[in-house]
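These notes are about the structure you will find just below.
The values are calculated or read from the model by the stated rules, or taken from the named source; none is laboratory data. Only a predicted model underlies this, so the values are computations on that prediction, with no experimental measurement involved. Cβ placement follows ideal geometry from the backbone for every residue including glycine, while neighbour counts extend to all protein chains displayed. Side chains included, ligands, DNA and RNA excluded: accessible areas come from the protein's heavy atoms. Shrake-Rupley method; radii C 1.70, N 1.55, O 1.52, S 1.80 Å.
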Amino acid sequence: MPSLNGPILIGIDSGLTVTKAVVFDAATGAALAIARRRVPQSIPAPGHIERDMDGLWAASAAAIREALSACGRPAGDVLAVAATAHGDGIYLLDAAARPLGPAIVSLDTRAAALADHWNDGAVADAALSLTGQRPHASAPSALLAWIKAHQPERYARIGHFFAAKDWLTFCLSGTIGTDRTEASTSFTRVDTQDYDDAAFALFGLEDMATRRPAAAGSVEIVGRVTAQAARACGLLEGTPVVAGLHDVTASALGIGGYGTGVAAVIAGTYSINETVSTVPKVDPRWFCRNGILPGEWNAMSISPASTANYDWFIDQLCAADSAAAISAGDSIHARLAVEFDRARARPSSVLFHPYLFGSPFGGASSAGFYGLNAWHERADLVRAVLEGIAFNHRIHVEALVDGFQPTSVRLTGGISRNPAIAGLFADVLGLPVTATATEEAAAWGAALCAGVGAGVYASPTADPRDLKAIETVTQPDPEAQAAYEERYQLFCEIARTMQPLWPKLRALGAPPLQPGSDEQGAAR
């Protein structure tokens, strides 16, 4: 139980559609209050997904103020605050430290052709060897190169670039910087874990080396809440602000899944699958990025292909039922859970590729239902969507098992709250799956870092909670595992068959290029 008074920590988690502030009891790790604000995205052109930076800060400040008010503790009890947020993408400041246009978020695919071009040539292997990862569409390297090619005036005005959570840290403290986990998204050397000018040169971005954010440790105090920020969010001026970390690393930390021998699976907007190593091991199948502390590397096998597909399914195919559920005091998720269970009890030919926003197979991939007939109903579709999400996670987990031999999985993400989903993942992955009753795992991961910076925890993994008491372990069912093996192999076979066809499908919907335009831009 949380104490009735005493020190508290605030973790901020800004996802792709919602920003949250959570107040945690420092002694127990209990969440005392949570406040959320939606942050709209804009799609000004196909593949362009952006957000307003000032709007993000205003929403986050309002959430902090609400959570702090709701927790019943005075602002003076706050030991420290730290932010986490979606990784990759790009947030730009001009020379006056003002937003330079809208932020580009990690679902953006405008640079997909450029990243694919790099990956078809010598840049891919050079990047893998130097930085521990091949470039991808939402990497800062690809986005900066795209801006250089297509928005040269904007590129010339860049004063600083950093990530989403770094923008929130700047708004809180006035400090321009980043942390070790975020710095490693494009421009650090994998063995030294520090910036390397050769990484900027590799992507034709030499002039950005002087505009990079200084990288602190994730647990370091990097500033103090300014008077302006204090007025906006209700914190006391001078409250310590800790550097924080990339949200997928924060999520793994928050569920007790940050460490060797365990795969943390985050079924969120992205399909995130990661494990920690004490030596850098590079492979095209995962990003080898900086861990929280020096000498730790986080192997991340990811694609933008997880529960964003489920959200799309609800928005596009369940809108009326969702509104009816809300009116009845019910939840569309509860209704779909019943349909999922019903559909799993019978054979189905329906499979779904969850590639609405991207995939492990390159920038031209797209989503699709296969094996669909007139007699199928919505239950069969929702089953296929959820199974497709789990199958895509398996592609990534298999890579990590091959490279690091994790023996268990810790699962988090919104859909993991349904016990049937933990069973689905256990059966699809063939590994025991642990679901932890952690409210707002990423925010708690940020708060753990804040606690280390404030001196109340010895290390980020010194979680004060009794994790065993809040865990549920699901073992794979051998019969279900065998059935899913057949479906998974067909899922992969269809993907291999579709790879040469996806670019042709994309071309059908692409606007014609204007004379003189070049979608590969700086790739040459």
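Only one entry in G268, G257 is more than 13 Å from the chain's Cα centre (by Cα), closer than 28 Å to A420 by Cβ and modelled with pLDDT under 95, namely G257. Residues that are open to solvent by less than 10 Å² (accessible area, probe 1.4 Å) and assigned to a loop (DSSP other than H, G, I, E, B): does segment 165-180 have at least one? So far as segment 165-180 goes, no, none of its residues is open to solvent by less than 10 Å² (accessible area, probe 1.4 Å) and assigned to a loop (DSSP other than H, G, I, E, B).
Among the residues of segment 59-101, which ones are among the charged types (D, E, K, R), open to solvent by 20 Å² or more (accessible area, probe 1.4 Å) and over 19 Å from G174 (Cα atoms)? Write out each step before concluding.
Step one: list which residues in segment 59-101 are among the charged types (D, E, K, R), which gives 65-66, 73, 77, 88, 94, 98.
Adding the requirement that they be open to solvent by 20 Å² or more (accessible area, probe 1.4 Å) leaves 65-66, 73, 77, 94, 98.
Result: E66, R73, D77.
Residues in segment 136-153 that are part of a loop (DSSP other than H, G, I, E, B) and either open to solvent by 10 Å² or more (accessible area, probe 1.4 Å) or on the phi > 0 side of the Ramachandran plot (or both): H136, A137, Q151. Take the residues of segment 400-417 that are in a loop (DSSP other than H, G, I, E, B) and open to solvent by less than 40 Å² (accessible area, probe 1.4 Å): which is modelled with the lowest pLDDT? Top of the filtered list is G413. Taken over segment 296-329, residues that are touching a residue at least 24 places away in the same chain (Cβ under 8 Å) and over 18 Å from Y355 (Cβ atoms) amount to 5.
Taking segment 406-432 on its own, how many of its residues are over 27 Å from A334 (Cβ atoms) and either in contact with a Gly (Cβ under 8 Å, 6 or more places away or on another chain) or aromatic (F, W, Y) (or both)?
3
Just to be sure, is L56 under 28 Å from N290 (Cα atoms), open to solvent by less than 10 Å² (accessible area, probe 1.4 Å) and not in a strand (DSSP E or B)? It is true that L56 is under 28 Å from N290 (Cα atoms), open to solvent by less than 10 Å² (accessible area, probe 1.4 Å) and not in a strand (DSSP E or B). In the set A267, A299, A250, A263, only one residue is in the same structural domain as A462 (by the TED database) and either farther than 20 Å from T407 by Cα or open to solvent by less than 20 Å² (accessible area, probe 1.4 Å) (or both); that residue is A250.
With the structure loaded, tell me whether S138 is of a type in the set (S, T, N, Q) and within 17 Å of the chain's Cα centre (by Cα) or whether it fails that test. Criteria met by S138.
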